Amino acid sequence: MVVLAASIISKSGKALVSRQFVDMTRIRMEGLLAAFPKLVGTGKQHTYVETENVRYVYQPIEALYLLVITNKQSNILEDLETLRMLSKIVPEYTYSLDEEGIGRAAFELIFAFDELISLGHKETVTVAQVKQYCEMESHEEKLHKLVMASKISETRDVMKRKANEIEKNKMEKNRGDKGSYMSSMGTSRLESTFNDMGISSSNSGFSSGSGFIPSTDQDSFSTKSKGRPAAPVSAPQNIGMKLGKSQGTNKFLESLKAEGEMIVADVPPTLSKSKAAAPPPTDPLTLTVEEKLNVTLKRDGGLSNFDVQGTLSLQILEDKDAYIQVQVESGGNPNVLFKTHPNINKELYSNESVLGLKDPNRPFPTGQGDGVSLLRWRMQSTDESVVPLTINCWPSVSGNDTYVSIEYEASAMSDLQNVVISVPLPALREAPNVTQIEGDWRYDPRNSVLEWSLDLIDDSNRSGALEFVVPAADSSAFFPISVRFTATKTFSDLKVTNILPINGGPPPKFSQRVQLHTESYQVV
């Protein structure tokens, strides 16, 4: 058996992914794929078509064809087994079985095809082994990253050391100039004082600038100090090196910070709470409802794109809890289209809203890092009222300045957390002049971006404004505006209501996580 190519094509013969395993020109491959839809008849139950030179073994997958092209001398049974394995691999790497989903996972599919078929011959591997081989980590890549991180750290240390040396030399130079001036001044004064008192400066034992105090000044000082012993007059300020921070130190480091460099100061470590990732699951079962939001708004008003993609995933810690079914409940949004995993019993889900495997004697996979996907859904709309957050930007030029007013308005659908609105700015010498704001702001000089952040948007601040002034610039310089946020309420309103053990007994304890977050949210 020799497999010439494994391909995924549309109903019209458009090649989405094609992997050739023998020497074959592109023109010949495209000709074979273009001829296939013409050879497939309607109403036939066959899964293969033969021509004079090749054999097509195919399987429809929704609106596409999964196709294996072999020579006519190959074993048809082995061809069907290869096709069956490919049909199991494809859903593991694609989010949706359409042109967009196949295009996003094109390279992953090609790598998986290579693990299954080598030089035209099928390898004896399972789907789990193919996934393991494709996820192999590269030791060379890890080593390269460690070397690069070490070089970056070493360069920063050298930069910091050089900056300290420059600052030290500058301070020593200033101290030397002031010291010589004060020394000459002190010597002339002491000599005149010694001459008036009849003391020879050569035998007095006092050195120049030693802090000797005339008698009149000493008496007045003793009176002010209320009987305390007189101390020598200290040297004038700003002479010598001081310990601690001063306002004029490390100007070089401050200039680097102004350019966006991260400078680590020599300060004692403090116990601070860093933003940690989601905690590892502790319950036997963890079900995660996640929705990714892709929105493109027009600057003059209107909605260009609104796309929500959601996933329900299941993570199981122990094998004894893997024989289960999941009862779910959705919010009944008619715009949300649900799609189950190929291994899920679709009829059971349609009739009872229960997610279970087609083979009830087969357990769910355990120990998966991100869990196994049970259900996916998608929502698309052109109705601007479903947008959770709208942004209006009004730049206006007046003289040599541009006055920019930005307003946000959040819908009452849900509260939004960790909101960050990033506004691009023209190249500036200094930070913009912010005249009005609700929340906090930060200016990134390296990328020339103003970030407007709000920890929470709820009923108390459904709308807000930001106003700032920059030098005169074109209005297009402030677009596209990017937004990111999270929310705990999803558009599908999907919830897990119960866990049904197949073998009987009490249901295992489970936890449920729900999150909506932005993947791409822009005003263009």
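Scanning the range 472-502 for residues being assigned to a strand (DSSP E or B), over 17 Å from PRO388 (Cβ atoms) and out of contact with any Gly (no Cβ under 9 Å at 6 or more places or on another chain) gives a total of 5.
Taken over the range 97-111, the criterion of being open to solvent by 20 Å² or more (accessible area, probe 1.4 Å) and assigned to a loop (DSSP other than H, G, I, E, B) is satisfied by LEU97, ASP98. Exactly one residue among LEU64, LEU16 is buried (at least 18 other Cβ atoms within 10 Å of the Cβ) and touching a residue at least 60 places away in the same chain (Cβ under 8 Å), and that residue is LEU16. Quickly run through the range 40-51 and pick out the residues that are modelled with pLDDT of 85 or more and not in a strand (DSSP E or B). Once the filter is applied, which keeps residues that are modelled with pLDDT of 85 or more and not in a strand (DSSP E or B), the range 40-51 yields only THR51.
Just to verify a result, which residue in the range 112-150, among those that are among the basic types (Lys, Arg) and part of a helix (DSSP H, G or I), is modelled with the highest pLDDT? The selected residue is LYS145. Against the list (1) modelled with pLDDT of 85 or more; (2) over 23 Å from ASP98 (Cα atoms), the condition SER7 fails is (2). Quick one: is THR518 of a type outside the set (A, V, I, L, M, F, W, C), modelled with pLDDT of 90 or more, closer than 30 Å to ASP319 by Cβ and touching a strand residue (DSSP E or B) at 6+ places or on another chain (Cβ under 8 Å)? The answer is no for THR518.
Scanning the range 436-464 for residues that are open to solvent by 60 Å² or more (accessible area, probe 1.4 Å) and in contact (Cβ under 8 Å) with a residue 60 or more places away in the chain yields ARG446, ASN447.
For the residues GLU467, GLU384, the requirement of being surrounded by fewer than 15 Cβ atoms within 10 Å (Cβ to Cβ) and in contact (Cβ under 8 Å) with a residue 12 or more places away in the chain singles out GLU384.
Residue by residue, here is whether (1) within 22 Å of HIS517 (Cα to Cα); (2) open to solvent by 10 Å² or more (accessible area, probe 1.4 Å); (3) in contact (Cβ under 8 Å) with a residue 60 or more places away in the chain holds:
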| position | (1), (2), (3) |
| --- | --- |
| LEU285 | no, no, yes |
| GLY310 | yes, no, yes |
| GLN327 | no, yes, yes |
| ASN333 | yes, yes, yes |
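Among the residues of the range 125-137, not a single one is over 14 Å from SER7 (Cβ atoms) and touching a Ser or Thr at 6+ places or on another chain (Cβ under 8 Å). For THR82, the conditions (1) buried (at least 16 other Cβ atoms within 10 Å of the Cβ); (2) of a type in the set (Ser, Thr, Tyr); (3) farther than 21 Å from ASP23 by Cβ are fulfilled apart from (3).
From the list THR25, THR51, THR47, the lone residue that is out of contact with any Asp or Glu (no Cβ under 9 Å at 6 or more places or on another chain), touching a residue at least 24 places away in the same chain (Cβ under 8 Å) and polar (S, T, N, Q) is THR47.
Give the residues of the range 52-79 that are more than 26 Å from SER96 (Cα to Cα), touching a strand residue (DSSP E or B) at 6+ places or on another chain (Cβ under 8 Å) and in a loop (DSSP other than H, G, I, E, B), sorted by residue number. Selection gives ASN53, LYS72, SER74. Answer yes or no as to whether LEU83 is assigned to a helix (DSSP H, G or I), without any contact (Cβ under 8 Å) to a residue 40 or more places away in the chain and in contact with a strand residue (DSSP E or B) (Cβ under 6 Å, 6 or more places away or on another chain). Here the answer is yes, as LEU83 does meet what is asked. Among the strands (runs of 3 or more DSSP E) confined to the range 422-461, the ones with at least 1 residues that are at pLDDT 90 or above, within 17 Å of ILE391 (Cβ to Cβ) and small (Gly, Ala, Ser) are located at 449-457. Pairs linking a residue in the range 122-134 that is closer than 20 Å to ASN75 by Cα to a residue that is part of a strand (DSSP E or B) and modelled with pLDDT of 80 or more, with Cβ atoms under 9 Å and 6 or more positions apart or on different chains, are LYS122/VAL3; GLU123/ILE117.
The values are calculated or read from the model by the stated rules, or taken from the named source; none is laboratory data. Given the structure is predicted, the values throughout are model-derived calculations rather than measurements. A quick note on method: Cβ atoms are made from the backbone with ideal geometry, for glycine too, and the neighbour counts reach across all protein chains shown. Protein only, heavy atoms only, side chains kept; ligands, DNA and RNA dropped before computing areas. Shrake-Rupley method; radii C 1.70, N 1.55, O 1.52, S 1.80 Å.
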